[in-house]
Amino acid sequence: MSARVLTAVFRTEAEVLAATRSAREEGFEIVDVYTPYHVHGMDEALGLRPSRLTWVCFLCGAAGLLLALWLQFWTSAVSWPLNVGGKPFDSMPAFVPIAFEITVLFAGLGVVAALLIRARLRPGRAARPPGLERVTDDRFALVVRLTRARPGQHVFEGLSAAHGAESVLDRLEETS
Amino acid sequence: MAEVLSPAREPLVDGDKSYHDVTEDICRPLEGRPTPLWWGGITLSSLMLLAGAVAVGYQCLVGIGTWGLNRTVGWAFDITNFVFWIGIGHAGTLISAVLFLFRQRWRTSVNRSAEAMTIFAVMCAGIFPLIHMGRPWLAYWVLPYPNERGPLWINWRSPLLWDVFAISTYFIISFTFWLVGLLPDFATLRDRAKTKTRKALFNVLSLGWSGSVRTWQRYELVYLLLAGLATPLVFSVHTIVSFDFATSVIPGWHTTIFPPYFVAGAIFSGLSMVLTLMLIARKVMRLEDYITKRHVGAMCKLIIGMGGIVGLAYGTEFFIAWYSGNAYEKFVFANRAMGPFAWAYWTMVTCNVVTPQFLWFKKIRENFLLVFLLSLLINVGMWFERFVIIVTSLHRDYLPSSWADYSPTSIEILTLVGSFGLFFTAFLVFCRFLPVIAMAEVKGVLGYARRQANEKAYEKEGAPS
């Protein structure tokens, strides 16, 4: 099976935002929007749900905290209790600084790893359909997929032109 | 679309830039040949680095007996440099993370280079405890790994060990933050690359960044989370560095004021180093439109504020030394101001308390040559602050029989020179090969200039068909 994919290219943030909103209202299936920077309000325009990466960050931090506290306790009080200046073996207050650092380390690295996995960012990955090199420079691209039940090509072209699109690209996409 | 435009606000970027202008201005210097000024700078800094490498090599072979330390003054130049460089790093995090959380949009022009500065400064700082160990090839002993000695574990109650974890975490998180911030700009460089090598290189570095809105959404969240993590981290790092001193029973070190005093001093010194570097980068990389009066002015004001806190801390230390009624504390502070190292103390006070006061005047803030000179003076003053804290507290011990003096050897001085060499070499290489300004972020805050950018895009390329 193959589906037709239309891409409207815009010059400004305001245009692509407005076009995205109306494309969504018209009932188009929006594949993606490519922008050179994070356009505020685009999440709402697309109706994206908030990311759950916050939870990954929290859980990784909690894991780091527990690991650091356990390691310090186990090595100082269980594995080889060593008398340091008469301090108690389980000197919790002295374990706080390192527990904090490890919490931050795990939370930070964990959430970045989760971002890379979730957004499928990895070395050598093909960036995007060809012909859109300028979306990392100064262009904004709105990509929709045409399906039988949805409005057709001319509706999208009209809508894009009304919002000031520079061009509309048309290509076929293999779907499995 | 309705946009909120406030004509009362100065634009963050001068010269009516369009998005494409931003890309061009930042990328072009990376794709062309370096300027003679750059070649001059890198030659000088690599010579300094080479001198430092020779000195470090020599002291590793011979031992740290090559330093001017003695039984009484057991910490001096080396730890001064360590604390100085760590402090420099902190302003980078302040700008990239704390100002981000406070929604200070002017930071976009300076955050990339300030973060780079953090990474290089922490690298410089890391060298000093490493060589201070005397046998740096055994440095891995500070890590908790199951070993053949029992396993005999490390002493988790020592502030020096807390330092190991604090500095390593700080370096790793700062580096990650910086790399994540670079992803969209790597993609820009990939998409405009002309040669095969550049294309392949940035293809790997950009990790296939596409500018997709879903990725942007996650990316913004991760950026916010990292900023939220880095903010308490930066305070914890210098707090822990100050514990190295505060948990000991040396008069002049054993005070509860140390953590906030050190953090304020760190940010103060770091901001002045950011200013020094910005003013250099602005000229060398021709970024006059991006680093404007507004950026320099904002940093000057932060410096006045931080300088005030540092000055207050100096006064408080003296007051408490007198008010405590502790003979040893009183003596240490009288000795600081009037003893053999009085020259170092008064250099510190002049540079750190008097110098920032000039920045109250708008005329001076807008004269970049003067600002540059003042920022250099603050750098010098903050180096002396650490020297004064460390050496004057140690050189007059409880027992007059163990009183001693200290002067650095040529090896110690060369090591300091070498650390500056490493710092500036790394910074110049960064300026040459990576975008010094976060393009994606600057494009996001063209704000005031955005409407003009839109109109300009139409003018240049014709109205939309």
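The values are calculated or read from the model by the stated rules, or taken from the named source; none is laboratory data. Remember, it's a predicted structure, so these values are computed and weren't measured experimentally. No Cβ is skipped: glycine too gets one built from the backbone with ideal geometry, and neighbour counts run over all protein chains shown.
Restricting attention to segment B:251-301, the residues that are under 30 Å from B:G315 (Cα atoms) and part of a loop (DSSP other than H, G, I, E, B) add up to 7. Among helices (runs of 4 or more DSSP H) entirely within segment A:35-146, having at least 1 residues that are among the aromatic types (F, W, Y) singles out A:53-73, A:92-118.
If you check A:T35, A:T54 for being within 9 Å of chain B (Cβ to nearest Cβ), at negative phi and surrounded by fewer than 21 Cβ atoms within 10 Å (Cβ to Cβ), only one passes: A:T54. Note on segment B:138-194: among residues that are among the aliphatic types (A, V, I, L, M) and not in a helix (DSSP H, G or I), the one that is nearest to the chain's Cα centre (by Cα) is B:L143.
Scanning segment B:164-178 for residues that are more than 7 Å from chain A (Cβ to nearest Cβ) and polar (S, T, N, Q) returns B:S168, B:S174. Among all positions in segment A:107-129, there is no residue which is crowded, with 22+ Cβ neighbours inside 10 Å and more than 7 Å from chain B (Cβ to nearest Cβ). When you check B:G57 against the structure, is it without any contact (Cβ under 8 Å) to a residue 24 or more places away in the chain, over 25 Å from the mean Cα position of the chain (by Cα) and either part of a helix (DSSP H, G or I) or within 30 Å of B:V13 (Cα to Cα) (or both), yes or no? Criteria met by B:G57.
One line per residue, one yes/no per condition, for (1) in contact with a helix residue (DSSP H, G or I) (Cβ under 8 Å, 6 or more places away or on another chain); (2) under 30 Å from B:N70 (Cα atoms); (3) modelled with pLDDT under 90; (4) more than 14 Å from every other protein chain (Cβ to nearest Cβ):
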| residue | (1), (2), (3), (4) |
| --- | --- |
| B:F368 | yes, no, yes, yes |
| B:F387 | yes, yes, no, yes |
| B:I390 | yes, yes, no, yes |
| B:P400 | no, yes, yes, yes |
| B:V429 | yes, no, no, yes |
| B:R432 | yes, no, yes, yes |
| B:E441 | yes, no, yes, no |
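In segment B:315-406, counting only helices (runs of 4 or more DSSP H) that sit wholly within it, the ones holding 3 or more residues that are in contact with a Pro (Cβ under 6 Å, 6 or more places away or on another chain) span B:327-338. Report, by residue number, each residue of segment B:198-213 that is basic (K, R) and in contact with a strand residue (DSSP E or B) (Cβ under 6 Å, 6 or more places away or on another chain). The answer is none; no residue qualifies. Only residues that are more than 9 Å from every other protein chain (Cβ to nearest Cβ) and surrounded by fewer than 18 Cβ atoms within 10 Å (Cβ to Cβ) were counted in segment B:201-223, giving 1. Scanning segment B:119-144 for residues that are of a type in the set (G, A, S), surrounded by 19 or more Cβ atoms within 10 Å (Cβ to Cβ) and over 15 Å from B:H90 (Cβ atoms) returns no hits.
For (1) under 18 Å from A:L105 (Cα atoms); (2) at the interface with another protein chain (Cβ under 7 Å from one of its Cβ atoms), each residue gets a yes or a no:
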| site | (1), (2) |
| --- | --- |
| B:N155 | no, yes |
| B:P159 | no, no |
| B:W162 | yes, yes |
| B:V180 | yes, yes |
| B:D191 | no, yes |
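Quick check: is even one residue across segment B:239-247 surrounded by fewer than 21 Cβ atoms within 10 Å (Cβ to Cβ) and facing another protein chain (nearest Cβ under 7 Å)? No, every residue in segment B:239-247 fails to be surrounded by fewer than 21 Cβ atoms within 10 Å (Cβ to Cβ) and facing another protein chain (nearest Cβ under 7 Å). Each residue in segment A:57-73 was checked for being more than 9 Å from every other protein chain (Cβ to nearest Cβ), more than 30 Å from B:N155 (Cβ to Cβ) and not aromatic (F, W, Y), and 1 pass. Listed by first and then second residue, the pairs linking a residue in segment B:12-28 that is buried (at least 20 other Cβ atoms within 10 Å of the Cβ) to a residue that is modelled with pLDDT of 70 or more and of a type in the set (G, A, S), with Cβ atoms under 8 Å apart and 6 or more places separating them unless they lie on different chains, are B:L12/B:S109; B:V13/B:S109. Of the residues A:A94, A:A45, A:A14, the single one that is without any contact (Cβ under 8 Å) to a residue 12 or more places away in the chain, within 11 Å of chain B (Cβ to nearest Cβ) and touching a helix residue (DSSP H, G or I) at 6+ places or on another chain (Cβ under 8 Å) is A:A14. The set of residues in segment B:145-154 that are crowded, with 16+ Cβ neighbours inside 10 Å and either touching a Cys at 6+ places or on another chain (Cβ under 6 Å) or without any contact (Cβ under 8 Å) to a residue 12 or more places away in the chain (or both) contains only B:W153. When A:F28 is tested against (1) at the interface with another protein chain (Cβ under 10 Å from one of its Cβ atoms); (2) in contact (Cβ under 8 Å) with a residue 40 or more places away in the chain; (3) not aliphatic (A, V, I, L, M), just one condition goes unmet, and that condition is (1). Within segment B:189-208, residues that are in contact (Cβ under 8 Å) with a residue 40 or more places away in the chain have Cβ atoms under 8 Å from residues that are part of a loop (DSSP other than H, G, I, E, B) in these pairs: B:L189/B:S206; B:L189/B:P435; B:R192/A:D137, counting only partners at least 6 apart in sequence or on another chain.
So for segment B:86-102 (the condition being of a type in the set (S, T, Y), within 15 Å of B:I267 (Cβ to Cβ), modelled with pLDDT of 90 or more and out of contact with any strand residue (DSSP E or B) (no Cβ under 8 Å at 6 or more places or on another chain)), does at least one residue qualify? Within segment B:86-102 (the criterion being of a type in the set (S, T, Y), within 15 Å of B:I267 (Cβ to Cβ), modelled with pLDDT of 90 or more and out of contact with any strand residue (DSSP E or B) (no Cβ under 8 Å at 6 or more places or on another chain)), the answer is no, since none of the residues qualifies.
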